[in-house]
Amino acid sequence: MLTLEVATEYGAYGIAALLMPYLTGLTVIERSIKGKSFGFDFWLGSINDPNTLFQRKARLEVSGIRRGTKSIVESRVKIKLEQISPSDTLSPGYVCVVEERYTTHPYS
C-alpha cells in the first residue's frame, strides 16, 4: 500500500538519482545490502568511464521529509552523515536530504 512515508521515500530516491550525475558525475548503480550495518542506500558509479561504471565509486544515503525548517533539514543531514560514517573506509559518501514542502499529496 502506498503511504505518505513510502511516497516521500521513493520521491526522495528519484530526486537524488536525478541530481547525483549532474552534481558529481556519478550515478546510482545498485541498492546497498540492507541489514549489513553499512548505513547507506545506494552504490554510485562513474558515468564518464564505462569501464568503471559498476565499480562502486561512492555511497549515497537518501532521506525524504515532507515538511521541515532549515534547522530540521540540517539536523537530518548531520544524522545521516553520522549514519554512513561506519562505512567511510569503503568509498566516499554522499547524503541527499529532500524536503518536499511544495509537493501536494493526494492523500493529505
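The numbers here are math on the coordinates, done by the rules we state, and not lab data. These numbers were taken from a predicted model, which means no experiment stands behind them. Please note: Cβ atoms are built from the backbone with ideal geometry, for glycine as well, and neighbour counts cover all protein chains shown.
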With only Lys, Arg, Asp and Glu charged, each at its Cβ (+1 for the first two, -1 for the last two), find how big the charge dipole of the stretch 4-96 is about the Cα centre; round to the nearest 20 debye. 160 debye
Whole-Å semi-axes of the stretch 4-104's equivalent ellipsoid (Cα gyration tensor): 23, 16, 12
Value of relative contact order over the chain, rounded to a whole percent, pairs C-alpha under 8 Å and six or more apart: 27 percent
Amide H neighbours of residue 98 at under 5 Å, excluding residues fewer than 5 places away on the same chain, with H built from the backbone geometry, are 63, 64, 65
May I ask you to list the aspartates and glutamates whose Cα is less than 18 Å away from that of residue 80, ignoring any residue fewer than eight positions away on the same chain? 5, 9, 41, 61, 88, 99, 100
Against the longest alpha carbon principal axis of the chain, how many degrees, from 0 to 90 and to the nearest 10, is the axis of helix 70-84 turned? 40 degrees
